[in-house]
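Just below is one structure, and these are the notes that go with it.
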Amino acid sequence: MTLPKGFGSAGGGGGTSADVERMIGRRVENMTGMITLSYLAAWLATFGGTAAGYFYYPWAYPTPSGHYAFIVLTIVEAIGYIFCVKVMEEGTRKNSNGIVAATIAGTAVGTVLISLYVGN
Amino acid sequence: MVNEVTVAMAQMPALIPKEVEIQRLKKIWLIVIAMGSTAASVEVDNFVDGSLHQTSIRDSAFTPAHWWLYSHFVALPLGWGAVAIYDRRVPILRGPNNSMNTGLKMTILGYLATMFTIGVNEMWHFWFVEEIFAVPNHWMFNMGVVVAFMGALAYVVRVYARLVELGAETPGENPYVAEMYKMALEGKLYSRSIP
C-alpha cells in the first residue's frame with residue numbers, strides 16, 4: 001500500500017515491515033511497565049491528597065471521611081489500571097496478569113494498612 | 001459471527017496501514033481512560049467540596065477540595081489538547097474539511113470553558129463569600145462539563161467503532177448499539193448535518 005511521505009522506498013511501491021514498525025514506535029502492549037508506574041503514582045498522589053485533608057484541615061475533613069475517599073478512589077484507579085493493561089494487550093501474545101494481580105494486591109493491602117494506622 | 005457484523009458496517013478507506021492505525025487508536029484510548037479515571041475521581045470530590053461548603057461556607061479558595069477540582073479543570077483541557085495533537089495521525093478521526101473532529105472540538109471547548117470559569121468564580125467570590133449552588137458563576141462549570149461530556153461521548157464512540165471495524169475490538173451484540181457505531185463511523189452520531 002502507499003505509505004505517507006517519508007516512509008517506504010522512493011518512487012512509490014509498498015512499504016516494508018520495518019517502515020510499519022517505524023510508524024508505530026513503542027507498541028501499546030509493551031507499555032505495561034509505564035502504565036503500572038502511572039497507577040502507583042496516582043495511588044500515592046491520592047494518599048497525599050487525602051492525607052493533606054485530614055492532617056491540615058481536620059475540622060473539615062475527619063480522618064474516617066478521608067480514608068473513605070481514599071478507598072473509593074483507589075477502586076476507581078484500579079479499574080482504570082486493569083482496563084488500560086487488558087485493552088492494550090488484547091489480541092497479542094503478551095500477558096501481564098501476574099504484574100497486574102501483584103500491583104492490585106499490593107495497593108489493596110497498602111490501602112487497608114493506611115486506613116488502619118495513618119491519620120489522627 | 002464477529003466478522004459478519006464487521007462486514008456489515010460501513011468500510012472506510014484505509015489511509016495508513018491497519019496495524020499502525022490500531023496502535024494509534026489504542027494510544028488515544030490510553031489517554032482517554034486516564035482522563036476518564038480522573039473525571040470519575042472528581043465525582044468523589046464533588047461530595048468532598050459540597051461537604052466542606054456546608055461546614056465552612058467559603059474560608060479560602062485554597063482548600064484541598066478546590067485543589068482537586070480546579071487542577072482537574074486544568075488537566076482535562078490539556079489532556080484533550082494532547083489527544084487533539086496526536087489525533088492528527090489518524091485520518092479517520094478528521095472532522096469536516098480536514099479540521100479537528102467535531103466531538104473533540106466540543107470536548108476541548110467545554111473544558112476550556114470550565115478552566116476559565118475558575119477565574120470568573122474567584123472574581124465572584126471576592127465580593128460574595130457564599131456557596132449557593134445556583135449562582136451564575138457556577139452555571140458555566142456545569143454547562144461546560146455537560147458540553148465536554150457530549151463531545152467526548154461522540155469522539156470515544158467513534159474511536160471504539162473504528163477499532164471494531166478494524167477487528168481489534170468486539171462489536172456490540174445489540175443491533176441498536178451496532179447501528180450507533182455505524183452512525184459514529186459515518187460521522188452522524190448526533191446529527192446528519194454536523195459531520
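The values are calculated or read from the model by the stated rules, or taken from the named source; none is laboratory data. What you see is a predicted model, and the numbers here were worked out from it, not measured in a lab. Positions of Cβ are backbone-derived with ideal geometry, glycine not excepted, and every protein chain shown enters the neighbour counts.
Please find, within region B:17-29, the residue that is modelled with the lowest pLDDT out of those that are at the interface with another protein chain (Cβ under 7 Å from one of its Cβ atoms) and buried (at least 19 other Cβ atoms within 10 Å of the Cβ).
Ranking the candidates gives B:17 first.
Identify, please: which residue in region A:35-57 is of a type in the set (Phe, Trp, Tyr) and part of a helix (DSSP H, G or I) and is, among those, farthest from the other protein chains (Cβ to nearest Cβ)?
Filtering first and then ranking leaves A:47.
Pairs, please: C-beta under 8 Å, at least 6 apart or cross-chain, first residue closer than 17 Å to residue A:77 by Cα and in region A:87-106, second assigned to a loop (DSSP other than H, G, I, E, B)?
If the second residue must be assigned to a loop (DSSP other than H, G, I, E, B), the pairs left are A:88/A:31.
Scan region B:67-110 residue by residue and report those that are farther than 16 Å from residue B:156 by Cβ, in contact (Cβ under 8 Å) with a residue 12 or more places away in the chain and assigned to a loop (DSSP other than H, G, I, E, B).
If the condition is that a residue be farther than 16 Å from residue B:156 by Cβ, in contact (Cβ under 8 Å) with a residue 12 or more places away in the chain and assigned to a loop (DSSP other than H, G, I, E, B), then B:89 is the only one that fits.
Is it fair to say residue B:107 is closer than 30 Å to residue A:59 by Cα and among the hydroxyl-bearing types (Ser, Thr, Tyr)?
When the stated conditions are applied, residue B:107 does not pass them.
Conditions (1) within 14 Å of another protein chain (Cβ to nearest Cβ); (2) modelled with pLDDT under 90, marked per residue:
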{"site": "B:50", "(1), (2)": "yes, yes"}
{"site": "B:75", "(1), (2)": "yes, no"}
{"site": "B:102", "(1), (2)": "no, no"}
{"site": "B:119", "(1), (2)": "no, no"}
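Give the residues of region B:52-62 that are more than 7 Å from chain A (Cβ to nearest Cβ) and under 16 Å from residue B:130 (Cβ atoms), sorted by residue number.
B:53, B:54, B:57, B:58, B:59, B:60, B:61
Look at residue A:26 and say whether it is at negative phi, surrounded by fewer than 19 Cβ atoms within 10 Å (Cβ to Cβ), modelled with pLDDT of 85 or more and in a loop (DSSP other than H, G, I, E, B).
So residue A:26 fits the description; yes.
So, in region A:88-106, how many residues would count as being within 14 Å of another protein chain (Cβ to nearest Cβ) and over 12 Å from the mean Cα position of the chain (by Cα)?
5
Kindly establish whether residue B:40 is more than 10 Å from chain A (Cβ to nearest Cβ) and small (Gly, Ala, Ser).
It is false that residue B:40 is more than 10 Å from chain A (Cβ to nearest Cβ) and small (Gly, Ala, Ser).
Being more than 10 Å from chain B (Cβ to nearest Cβ) and surrounded by 19 or more Cβ atoms within 10 Å (Cβ to Cβ) is the filter here, so list the residues in region A:58-67 that pass it.
Result: A:67, single match.
What number of residues in region B:59-78 are exposed (fewer than 15 other Cβ atoms within 10 Å of the Cβ) and more than 24 Å from the chain's Cα centre (by Cα)?
4
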